[in-house]
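Encoded as structure tokens, the structure appears first; notes follow it.
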Amino acid sequence: MFLRYSSNATKRDKRLPKVAKVYSKHDVKIDCSSIDSDAITIITRLKQRGFEAFLVGGAVRDLLLNITPKDFDIATDATPSQIRRIFHNSRIIGRRFKIAHVFFGDKIFEITTFRALGTNSLGNEFGTIEQDVVRRDFTINALYFDPIRNHLIDFVGGIQDIQKQLIRPIIPLKNIFVDDPVRMIRAVKYKATTNFKFTMFLPSKIKRSAHLLNDVSPSRITEEVFKIIRSEHPDIIAKEMLDFGIYPYLQKQASDLCLQSKEFREKYFSSLVELGKINSTTENLSLAKGLYYFIRDFTKKTVEELRNEEENIGMIVQKVKVLIRAYVKPINPPNIQLRSAIFLALEDCGIKRNSKKKKKGKPAEKRGSK
């Protein structure tokens with residue numbers, strides 16, 4: 001291990017780290033064969049053009065925990081427009097803070113430019129790696145790994161916190177969730193998937209701040225729920241979020257039913273356990289199939305209730321569609337995916353999709369036939 005010192009300009013800001021620990025392959029063991037080759041290609045090309053580039057976030061954390069990452073995010077000092085010129089298979093997204101997506105077939109790699117310190121943690125200015133690190137949420141996600149040199153840079157003690165199995169915020173508690181309430185979702189998800197512990201005061205801060213999720217856009221909530229759907233531990237994540245009082249902001253009706261009915265809760269989490277097992281053995285489970293496990297038990301409950309008052313199957317199907325669209329709010333999944341999930345759930349209730357209508361009348365007889 002050796003030390004990396006910040007520039008003199010950076011040292012003038014007391015908020016920024018002055019020294020980082022740099023770990024070599026002899027200090028920390030990371031299996032580079034678990035890193036997507038296209039991610040390494042992106043980092044290599046950026047470095048060849050004279051830029052800094054690192055794997056960051058959950059991918060580095062997972063590699064240190066001997067877990068094969070599903071997503072590989074990259075941080076660099078190249079601006080989005082510079083990234084766009086290097087990678088023609090890319091596009092720039094975002095209005096609040098522009099980032100680049102690079103496409104390799106069906107894979108998308110998110111590349112973010114180092115962020116500067118602004119008036120809050122969601123500013124738009126680009127900056128240095130020292131500025132970028134203190135704008136990340138938790139120390140275990142603030143590690144920078146260079147797979148070419150096999151060096152890991154740690155400004156905030158993230159390696160020690162992983163060894164201690166501790167989730168520690170970088171941003172002060174008074175600001176962390178006000179700046180971005182979605183960090184509460186991520187924090188509980190990290191706890192559920194790593195079995196790490198929170199630092200003192202973090203659990204109570206999450207419970208007191210849960211109402212801030214009311215102001216988060218449905219699109220961001222949808223994105224976070226989709227990540228749970230793709231997780232190998234959706235049941236554990238949902239249970240933790242329910243205990244911390246934030247799951248109602250992701251799945252309001254499901255949360256209410258889980259709290260009202262022990263029977264529904266058991267069935268609901270049994271479905272999520274089943275989903276997790278499938279995710280652990282299936283690389284690309286369709287969104288429709290994932291949504292199916294989230295709506296399956298509500299669909300069964302709803303169909304049973306409707307059958308007591310409605311005999312027409314067509315009417316039952318139409319009512320179920322309306323009720324499920326309300327049930328999954330505030331998330332807004334693509335119509336075709338939700339529709340497919342609904343019909344998968346309806347098939348469990350003995351209701352199949354309408355087959356193609358056959359032409360009326362008998363087929364014409366061939367000439368000359370008897």
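Before moving on, here are some points about what is shown:
- Region 36-65, subset under 22 Å from the mean Cα position of the chain (by Cα) and in a loop (DSSP other than H, G, I, E, B), residue surrounded by the most Cβ atoms within 10 Å (Cβ to Cβ): GLY57
- Residues satisfying the stated conditions in region 249-258, i.e. in contact (Cβ under 8 Å) with a residue 12 or more places away in the chain and surrounded by fewer than 18 Cβ atoms within 10 Å (Cβ to Cβ): LYS252, GLN253
- Residues located in region 169-185, provided they are outside any helix (DSSP H, G or I) and touching a residue at least 40 places away in the same chain (Cβ under 8 Å): ILE171, ASP180
- Residue within region 203-221 that is over 25 Å from ARG96 (Cβ atoms), in contact with a strand residue (DSSP E or B) (Cβ under 7 Å, 6 or more places away or on another chain) and surrounded by 16 or more Cβ atoms within 10 Å (Cβ to Cβ) present: no
Residue-wise test of (1) part of a helix (DSSP H, G or I); (2) among the basic types (Lys, Arg); (3) not assigned by TED's automatic domain parsing to the domain that holds ASP73.
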site	(1), (2), (3)
ARG149	no, yes, no
ILE162	yes, no, no
TYR190	yes, no, yes
THR193	yes, no, yes
HIS211	yes, no, yes
ARG220	yes, yes, yes
GLU232	no, no, yes
ILE236	yes, no, yes
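- Total residues in region 239-259, condition within 20 Å of LYS301 (Cα to Cα) and either in a helix (DSSP H, G or I) or touching a Ser or Thr at 6+ places or on another chain (Cβ under 8 Å) (or both): 9
- Those residues of region 86-109 which are at pLDDT below 85 and either over 21 Å from GLY127 (Cβ atoms) or in a strand (DSSP E or B) (or both), in sequence order: ILE93, ASP106
- When we screen VAL320, VAL328 for residues that are surrounded by 18 or more Cβ atoms within 10 Å (Cβ to Cβ), in contact with a Phe, Trp or Tyr (Cβ under 9 Å, 6 or more places away or on another chain) and among the hydrophobic types (A, V, I, L, M, F, W, C), the only hit is VAL328.
- Any chance LEU242 is more than 27 Å from ILE206 (Cα to Cα) and in contact with a Pro (Cβ under 9 Å, 6 or more places away or on another chain): no
One line per residue, one yes/no per condition, for (1) surrounded by 14 or more Cβ atoms within 10 Å (Cβ to Cβ); (2) of a type in the set (Gly, Ala, Ser); (3) at pLDDT 90 or above; (4) part of a loop (DSSP other than H, G, I, E, B):
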{"site": "GLU266", "(1), (2), (3), (4)": "no, no, yes, no"}
{"site": "ALA288", "(1), (2), (3), (4)": "yes, yes, yes, no"}
{"site": "LEU291", "(1), (2), (3), (4)": "yes, no, yes, no"}
{"site": "VAL303", "(1), (2), (3), (4)": "yes, no, yes, no"}
{"site": "ARG339", "(1), (2), (3), (4)": "yes, no, yes, no"}
{"site": "GLU347", "(1), (2), (3), (4)": "no, no, yes, no"}
{"site": "LYS366", "(1), (2), (3), (4)": "no, no, no, yes"}
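- Filter pass, ILE74 being surrounded by 18 or more Cβ atoms within 10 Å (Cβ to Cβ), among the aliphatic types (A, V, I, L, M), touching a residue at least 24 places away in the same chain (Cβ under 8 Å) and touching a His at 6+ places or on another chain (Cβ under 9 Å): no
The values are calculated or read from the model by the stated rules, or taken from the named source; none is laboratory data. The structure presented is a predicted model; accordingly, all values stated were derived computationally and were not measured. Here the Cβ is made from the backbone with ideal geometry for all residues, glycine too, and neighbour counts use every protein chain on show.
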